[in-house]
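Just below is one structure, and these are the notes that go with it.
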Amino acid sequence: AQVVWGYDSDNGPERWHENYPLAKGDKQSPIEINSKDVRHDSSLSSWHASYDPGAAKTILNNGRTCRVVFDDTFDRSVLRGGPLTGAYRLRQLHLHWGSSDDHGSEHVIDGVKYAAELHMVHWNPKHGNFAGALKQPDGVAVVGIFLKVKIDNIKTKGKEAPFQHFDPSILFPKSRDYWTYHGSFTTPPCEECITWILLREPIEVSADQMAKLRSLSKNPENEPVNPLVDNWRPPQPVKGRIVRASFK
Ligand SMILES: CN(C)c1nnc([C@H](N)S(N)(=O)=O)s1
Ligand SMILES: [Zn+2]
């Protein structure tokens with residue numbers, strides 16, 4: 001039977017190329033970023049997100065990640081500026097995380113692996129639809145945000161937070177500083193259609209929040225719990241690509 005790709009030894013990142021040849025391309029993601037190889041580009045402008053909280057639709061465990069999908073049938077939640085030309089529509093966000101706090105991110109910064117990495121996937125409507133955008137080098141833009149675990153402060157009893165609408169821009173860190181490079185989806189088919197915008201400042205999550213992510217199961221509810229952890233692809237060859245920084 002066709003082995004569906006995943007992150008186990010029999011269907012993991014080292015074997016994706018057997019069914020998805022793009023996985024061995026020259027512009028694959030994630031990558032290791034070493035600050036000494038990064039080039040500051042003063043012409044890079046700031047990026048801007050204007051998201052409509054009403055565009056958030058559903059949250060899903062698809063057995064490989066936890067994903068929130070948004071209505072992208074018109075320019076309702078868009079990202080513009082930075083390395084981008086035009087407005088890119090927010091389609092979904094999801095995360096990659098580890099089995100413990102010392103790893104889990106896909107991109108690695110100066111040797112640092114974060115506990116998790118959040119991806120906000122946007123596509124360029126000039127290419128008609130998402131499927132068309134996947135075939136274009138400027139088709140998709142993914143904002144990557146690193147998650148680090150903050151030492152649990154004393155949780156106060158009865159704390160409550162509004163959750164009627166969900167505006168993903170609340171997840172952005174204070175600083176807009178970013179790295180940008182051209183790469184691919186980090187999961188099969190690994191199309192090389194992505195302008196990556198990686199935010200330099202990580203956001204903090206509590207150990208409880210990480211535990212909630214790690215409590216997700218790869219399996220459907222009527223099957224034994226199979227912890228959904230370590231759903232990250234290791235760094236791929238940079239192959240001479242330039243990583244630019246918006247900051248000095
Ligand atoms: C088709 N879509 C939305 C995606 N395909 N691969 C995705 C990967 N999870 S990632 N990490 O965003 O490249 S997201
Ligand atoms: Zn991802």
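The values are calculated or read from the model by the stated rules, or taken from the named source; none is laboratory data. Predicted, not measured: the structure shown is a model, and the values here were computed from it. Note that each Cβ is placed from the backbone with ideal geometry, even for glycine, and that neighbours are counted across all protein chains shown. Accessible surface areas use protein heavy atoms only, side chains included; no ligands, DNA or RNA. Shrake-Rupley method; radii C 1.70, N 1.55, O 1.52, S 1.80 Å.
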For this session: Give me the pairs, please: first residue somewhere in the range 83-96 and outside any strand (DSSP E or B), second residue anywhere and away from ligand 2 (no atom under 12 Å from the Cβ), beta-carbon distance under 6 Å, and either six or more positions apart or on two chains.
Result: PRO83/THR180; PRO83/THR195; LEU84/ALA141; ALA87/ASP75; ALA87/VAL78; ALA87/ARG80
For this session: Output the residues belonging to the range 97-114 that are touching a Gly at 6+ places or on another chain (Cβ under 9 Å) and either more than 16 Å from ligand 1 (Cβ to nearest atom) or free of Cβ contacts under 8 Å to residues at least 60 places away in the same chain (or both).
Result: LYS113
Exercise. If only one of SER100, SER105 is open to solvent by less than 60 Å² (accessible area, probe 1.4 Å), touching a strand residue (DSSP E or B) at 6+ places or on another chain (Cβ under 9 Å) and not in a strand (DSSP E or B), which one is it?
Worked result: SER105
Seminar exercise, completed: In the range 1-40, anything of a type in the set (Val, Ile, Thr), surrounded by 16 or more Cβ atoms within 10 Å (Cβ to Cβ) and over 19 Å from the mean Cα position of the chain (by Cα) is listed as VAL38
Problem set entry | Residue, farthest from ligand 2 (Cβ to nearest atom), within the range 86-108, restricted to residues that are among the small types (Gly, Ala, Ser) and within 14 Å of ASP230 (Cα to Cα) | SER100
Exercise. Are there any pairs, at least 6 apart or on different chains, whose C-beta atoms fall under 8 Å, with the first in the range 157-177 and open to solvent by 100 Å² or more (accessible area, probe 1.4 Å) and the second at pLDDT 50 or above, and if so, which?
Worked result: HIS165/PRO53; HIS165/GLY54; HIS165/ALA56; LYS174/GLU201; ARG176/SER46; ARG176/TRP47; ARG176/LEU199; ARG176/SER246
For this session: Would you point out the residue of the range 56-85, among those that are more than 16 Å from ligand 2 (Cβ to nearest atom) and open to solvent by 40 Å² or more (accessible area, probe 1.4 Å), that is nearest to LEU199 (Cα to Cα)?
Result: ARG80
Exercise. For the range 183-210, what are the residues that are within 12 Å of ligand 2 (Cβ to nearest atom), open to solvent by 20 Å² or more (accessible area, probe 1.4 Å) and touching a Ser or Thr at 6+ places or on another chain (Cβ under 8 Å)?
Worked result: PHE185
Seminar exercise, completed: In the range 30-64, anything within 15 Å of ligand 1 (Cβ to nearest atom) and closer than 17 Å to ARG200 by Cβ is listed as PRO30, ILE31
Exercise. What residue, among those in the range 131-148 that are more than 17 Å from the chain's Cα centre (by Cα) and either within 12 Å of ligand 1 (Cβ to nearest atom) or basic (Lys, Arg) (or both), is least open to solvent (accessible area, probe 1.4 Å)?
Worked result: ALA133
Seminar exercise, completed: Scanning the range 115-130 for residues that are in a loop (DSSP other than H, G, I, E, B) and either within 15 Å of ligand 1 (Cβ to nearest atom) or at pLDDT below 95 (or both) gives ASN124, ASN129
Exercise. Can you spot a residue in the range 18-31 that is within 16 Å of ligand 2 (Cβ to nearest atom), assigned to a loop (DSSP other than H, G, I, E, B) and in contact with a Cys (Cβ under 7 Å, 6 or more places away or on another chain)?
Worked result: yes
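Confirm whether VAL4 is hydrophobic (A, V, I, L, M, F, W, C), part of a loop (DSSP other than H, G, I, E, B) and without any contact (Cβ under 8 Å) to a residue 40 or more places away in the chain. Reasoning before the result, please.
Numbers: hydrophobic (A, V, I, L, M, F, W, C): yes; part of a loop (DSSP other than H, G, I, E, B): yes; without any contact (Cβ under 8 Å) to a residue 40 or more places away in the chain: yes.
So VAL4 passes the test.
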